[in-house]
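Here's the structure, in structure tokens; my notes come after.
The values are calculated or read from the model by the stated rules, or taken from the named source; none is laboratory data. These numbers were taken from a predicted model, which means no experiment stands behind them. Neighbour counts are summed over all protein chains in view; Cβ atoms, including those assigned to glycine, are modelled from backbone coordinates with ideal geometry.
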């Protein structure tokens, strides 16, 4: 097992799947000759050539539509969004065609497309480049929504997403690209979609998170253990849809308290859905209301110091847990 | 003949219209095709056209009024004709125009109050002082604040939440509080320095209302709230009653059961008398049925039996046709069944008159609540020795029993109740008639 970056893990997954399956190709703005805006596809064009790495003009509705059409005919496109926020211009393609065609064709047409790229705030690129649309995507039956937090998950989940016969929104976080972690070398290493993972075992409270928030939750758990002797359990959703209800409920039933940590906006966010799930299925196990922290309910800020506080951090998680345990700061 | 013009339905979703402007005034001449008013619907402002000729006799609606579709707005007729009187169906003023859009703006302000506080506001929530653990866990309306888990654990452990001190936010009881409460014995208040003996203790507890208790509560609330009760009382010279009972028992009780040995209670005699008196004053044996008053042809006599956690009223059917012995035997069986909880529903229903007796507890006088669908309940007190004035104006020791009657004034009046009590008193004072 090698220690590699999240970015490298994604690149390895792409390369391995291109090698494994001749139907896989990558398309997007600057993915080929320029080597990718965030260097995820660096070197792949040289290695696999024009047929497998396709540069597209600024025309998301066009090239996502092209990818969807290609997927109907048996190819397995991986479409890179330079920023995930750009997916909105192709929303009609994604939600009217990609998500529904299998249903509308009575199961005759599959849409094995992966739409991937960096989501979220954190790199001072302003409101229009900093969206966190996993809650929106998850609202459409037929779309799968995957949000990896670690290099190993990035690799295993991306490979599963490419091999999946349904359209997958694969949301990376710009802030995670440089993170390192152990990743299995096995070219058949995959992680099934729809399986959450308990990243840290604990008995006093469950922190449910996804994407970059998993790392904040883990940092917070460390602080809580050290300062308050509170054993937090961290559940990493990994997939928003399908959602792994069992793992969430099992953890809540064990700890009886839950704090949902998400980078989503609060209103109709992923946490709202999970909160509903918990109160419905584990009401008798709750020793406290379900608490939830999410991003500031405003368009993302451009100003670096303000942007920093718009997304929950480990400190905020610690504060909220203290609040839940009635520990005065 | 004047024509009434009604509020027209001007759009599919319209239910009311606001008449914002009259285009024709009272007295104006109207021709078919004229626009008479402007009406604002849920969608737009539109003009109301009429197809009559004549004069606008009367406007029933003022400018600004909102009225339902089909409601009259004006009358058109011949000059000099009297406009008919009509009733206008006004409506609550419509909400701000185009409520669809305003909904959206309202919603947007809501996240402020959402649990998921935006991070920027975190500082506030954290700097707020944590509630002190000693906040009481019971709200003013008596509800115990406890987490769902604490409730579940308390039920499993048999812990009474009303006695548990909550340490959660706002004094909410959490699991740890229940666990702690189940471990610590119920100690008396600390620091007490009174005498060390006690008369025993009372276990404080909260119990779920049993089905029986709920049924009793429901029936009696219904009775006491729906039936206007009035109360009468009569004092009975119970000496003869006590004597005849003693005579009967001293003879019959000695006999073996198979030979008809039996021991009568005072209650048996009262039941017999109550049934006989109801035959003499049938007005007491009635029921209020909302639109009718039912006169029953039989006396189905209920009597109260206290059991462990409630009260039942088994019924002796056709009591007017039964001998004292039959009534006594049947009452005894019903009491046993009641205590064994073996009464069948039909043995507890369909009464027409009820007797309740608290004499055995030394209660001298009281008034029961009428059994639903009866017109009256008899409340029998204890027979007590007391000084009385006899027929020769001497003060002597006498036996007196008070019989109360609660009557449903919807069905019977004081006179009927009084006649009934009088008949009952006479029977009880000349009790030999009861054993005929």
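Working carefully through the options A:160, A:105, A:173, find the one that is within 21 Å of residue A:75 (Cβ to Cβ) and touching a residue at least 24 places away in the same chain (Cβ under 8 Å). Within the list A:160, A:105, A:173, the selection yields A:160. Restricting the search to strands (runs of 3 or more DSSP E) fully inside region A:231-329 and requiring at least 2 residues that are facing another protein chain (nearest Cβ under 8 Å) and within 13 Å of residue A:208 (Cα to Cα) gives A:291-293.
For the residues B:412, B:363, the requirement of being surrounded by 20 or more Cβ atoms within 10 Å (Cβ to Cβ) and in a loop (DSSP other than H, G, I, E, B) singles out B:412. One residue alone among A:102, A:52, A:47 is touching a strand residue (DSSP E or B) at 6+ places or on another chain (Cβ under 9 Å) and crowded, with 16+ Cβ neighbours inside 10 Å, and that residue is A:52.
Residue B:358: touching a strand residue (DSSP E or B) at 6+ places or on another chain (Cβ under 9 Å), assigned by the TED database to the domain that holds residue B:282 and farther than 20 Å from residue B:263 by Cα, yes or no? So residue B:358 does not fit the description; no.
Across region B:394-401, not a single residue is classified as under 24 Å from residue B:218 (Cβ atoms) and not in a strand (DSSP E or B).
Selection over region B:41-60 of residues that are assigned to a strand (DSSP E or B) and surrounded by 14 or more Cβ atoms within 10 Å (Cβ to Cβ) gives a count of 9.
Each residue in region A:1-24 was checked for being over 22 Å from the mean Cα position of the chain (by Cα) and part of a strand (DSSP E or B), and 1 pass.
Checking every residue in region B:153-166 against the condition of being within 26 Å of residue A:292 (Cβ to Cβ), within 12 Å of chain A (Cβ to nearest Cβ), in contact with a strand residue (DSSP E or B) (Cβ under 8 Å, 6 or more places away or on another chain) and at pLDDT 85 or above gives at least one match.
All of A:261, A:234, A:290, A:252 fail the test of being under 21 Å from the mean Cα position of the chain (by Cα), farther than 24 Å from residue A:116 by Cα and without any contact (Cβ under 8 Å) to a residue 60 or more places away in the chain, apart from A:234. Here A:305, A:299 are screened, and the one residue that is free of Cβ contacts under 8 Å to residues at least 24 places away in the same chain, surrounded by fewer than 22 Cβ atoms within 10 Å (Cβ to Cβ) and closer than 23 Å to residue A:173 by Cα is A:305.
Per the listing A:151, A:118, A:112, A:133, the residue uniquely within 16 Å of residue A:25 (Cα to Cα) and either touching a residue at least 12 places away in the same chain (Cβ under 8 Å) or within 22 Å of the chain's Cα centre (by Cα) (or both) is A:112. Checked against (1) more than 13 Å from chain B (Cβ to nearest Cβ); (2) over 26 Å from residue A:153 (Cα atoms); (3) touching a strand residue (DSSP E or B) at 6+ places or on another chain (Cβ under 8 Å), residue A:227 passes all but condition (3). Just one of the numbered conditions (1) buried (at least 18 other Cβ atoms within 10 Å of the Cβ); (2) in a loop (DSSP other than H, G, I, E, B) is not true of residue A:27: (2).
Scanning region A:83-101 for any residue that is assigned to a loop (DSSP other than H, G, I, E, B), under 30 Å from residue A:302 (Cβ atoms) and without any contact (Cβ under 8 Å) to a residue 60 or more places away in the chain turns up at least one such residue. Report whether or not residue B:233 is in a helix (DSSP H, G or I), assigned by the TED database to the domain that holds residue B:329 and surrounded by fewer than 17 Cβ atoms within 10 Å (Cβ to Cβ). The answer is no for residue B:233.
Considering only region B:351-381, state which residues are closer than 22 Å to residue B:417 by Cβ and without any contact (Cβ under 8 Å) to a residue 60 or more places away in the chain.
Scanning region B:351-381 gives B:351, B:354, B:356, B:358, B:363, B:364, B:366, B:377, B:379, B:381.
The strands (runs of 3 or more DSSP E) falling completely within region B:241-325 that include 3 or more residues that are under 25 Å from residue B:417 (Cα atoms) map to B:286-288, B:293-295, B:301-303.
Since residue B:249 meets every condition but one in (1) modelled with pLDDT of 80 or more; (2) touching a helix residue (DSSP H, G or I) at 6+ places or on another chain (Cβ under 9 Å), which condition does it not meet? Here residue B:249 clears every test but (2). In the set B:63, B:107, B:78, B:87, which member is more than 14 Å from chain A (Cβ to nearest Cβ), loosely packed, with under 14 Cβ neighbours inside 10 Å and at pLDDT below 85? Exactly one residue qualifies, and that residue is B:87.
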